[in-house]
Amino acid sequence: TLVVGYIPANVKNVKADAEYGDTMVTLGADLNADERKTVLGLLDLTEDDLKTMTVLGITNQDEHDYLDDYLPASVIGTRALSSIKLIKAEDGTGIEVTTKNISYCTEAMYVNALATAGIKDAYVTVAGPFSISGTAALVGTMKAYEEMTGEDIDEDVKDAATNELVVTGEIAEAIGDSDKASELIGYVKNEVLEKGLKNEDEIRKIIEDAADEMGVTLSKDEIDSIISIMKKLGGLNIDLDNIKDQAKGLYDKLEGLNIDTEKAEGVWNNIVSFFKNIYNKIIDAFS
C-alpha cells in the first residue's frame, strides 16, 4: 500500500511513511478482460504485479458523483474505463503525468488540477483501453491518494480540482490549443491566489489581459466560467507555493509571459498626467 510522505494543507492526520517507488493502481470497474489486458500493458503492469500492490476500482457512479455538476451525463458515459498508476516520487520531483489513449485531457491539465487537489511528488500514468476523454481519471487519482494517506481530501478541494480540469478542457476546445488553455488557467490562478482577488471585475481584467497577451479570444460565457472557478479556488485554503512546486514545468513557462496590468495602467496614467500638465501650463500662460 502506498502512503505519501507529506501532509498537504487540506488533509489532516496523514500517514507519513511512504517510500520512493511505492505504487498504487486504480482500474476502471467496467473494463472487460481484453480491455483490462490492454490497460495493464499501457501501464507497464501484469496481473502478477497487481498482487504486490494495492488496487482500487473506480466505478461509473464515482465518476458521476464528481462530474455531474460539470459535464452532461452523455459525456461521462455509463462505463468506468479510465485507469491510473501512481508511483511515489522523490521529494522535490513534483507531479509528472503521462497519458495513453487519452483524447481530451492533456498532461498539463492533469498536473495543474492534481496540484490544486494537494497531491505532491508523484509519477502518474493515465490510460484507457482505447481513445477516451480521461476526465474521470482525476477522480481515480484522488481516490488513490485518499487510500495512500488514510484520510479524505476535503470535498470542496476535490470539487474545485474537478471543476478546474473541466473548465480547462472546455477552454482548450474553444480556442483549439490545450497548451495555451493550461497556461491561461495557470496564470490566472496564480494571480488570483497570490493577490487574494475576490472582485469579479478584477479577475475579469486578469483574464482579459492574459488572453490578449496569449492571442486568445474568449467569449463572455468562457470568461464567466473561468471567473467562477477562480472565485471557488480563492475561497479555499490552497497553498500556492505548493502548486508552483508541483506544477513547476507549467509555472516556469508562465514566468516568460509579459503580462503586467499594473505597469500598463501606470504608463497610461503617466500619459494622461503629461497632457494635463501641458493643458494647465497653457491655461496659466493665458491667465
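The values are calculated or read from the model by the stated rules, or taken from the named source; none is laboratory data. Nothing here was measured: the structure is a model prediction, and the numbers come from that model. Note: ideal-geometry Cβ built from the backbone for every residue, glycine included; neighbour counts use all protein chains shown. All accessible areas refer to the heavy atoms of the entire protein, side chains included, with ligands and DNA or RNA removed. Shrake-Rupley method; radii C 1.70, N 1.55, O 1.52, S 1.80 Å.
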Within the stretch 27-68, considering only helices (runs of 4 or more DSSP H) that don't extend past its boundaries, which have at least 1 residues that are touching a residue at least 24 places away in the same chain (Cβ under 8 Å) and over 27 Å from the mean Cα position of the chain (by Cα)? 33-42, 47-50
Can you find a residue in the stretch 89-111 that is within 16 Å of Val25 (Cα to Cα), open to solvent by less than 60 Å² (accessible area, probe 1.4 Å) and among the small types (Gly, Ala, Ser)? yes
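Rundown of residues vs (1) among the acidic types (Asp, Glu); (2) more than 16 Å from Gly249 (Cβ to Cβ); (3) assigned to a helix (DSSP H, G or I), yes/no style:
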residue	(1), (2), (3)
Ala108	no, no, yes
Ile119	no, no, no
Tyr123	no, no, no
Ser131	no, yes, no
Val157	no, yes, yes
Leu165	no, yes, yes
Could you check the stretch 208-233 and list, in sequence order, the residues that are closer than 22 Å to Tyr110 by Cβ and in a helix (DSSP H, G or I)? Ala210, Met214, Glu222, Ser225, Ile226, Ser228, Ile229, Met230, Lys232, Leu233
Being surrounded by fewer than 17 Cβ atoms within 10 Å (Cβ to Cβ), more than 11 Å from Leu193 (Cα to Cα) and acidic (Asp, Glu) is the filter here; which residues of the stretch 211-245 pass it? Asp212, Glu213, Asp221, Asp224
From the set of residues in the stretch 41-75 that are open to solvent by 20 Å² or more (accessible area, probe 1.4 Å) and β-branched (Val, Ile, Thr), which is nearest to Ile171 (Cα to Cα)? Val75
Thr38: more than 26 Å from Asp179 (Cα to Cα), open to solvent by 50 Å² or more (accessible area, probe 1.4 Å) and touching a Leu at 6+ places or on another chain (Cβ under 7 Å), yes or no? no
Close pairs (9 angstrom Cβ cut-off, 6 or more residues apart or separate chains): surrounded by 12 or more Cβ atoms within 10 Å (Cβ to Cβ) in the stretch 191-210, of a type in the set (S, T, N, Q) anywhere: Glu191/Thr261; Lys205/Thr261; Ile206/Thr261; Asp209/Thr261
Condition check for Lys85: surrounded by fewer than 20 Cβ atoms within 10 Å (Cβ to Cβ) and outside any loop (DSSP other than H, G, I, E, B): no
Of the candidates Asp241, Asp179, Asp221, the one satisfying the condition of being acidic (Asp, Glu) and modelled with pLDDT of 95 or more is Asp221
Among (1) at pLDDT below 90; (2) open to solvent by less than 10 Å² (accessible area, probe 1.4 Å); (3) over 18 Å from Ile95 (Cβ atoms), where does Leu184 come up short? (1)
Of all residues in the stretch 154-165, which are under 12 Å from Tyr110 (Cβ atoms), aliphatic (A, V, I, L, M) and in contact (Cβ under 8 Å) with a residue 60 or more places away in the chain? Leu165
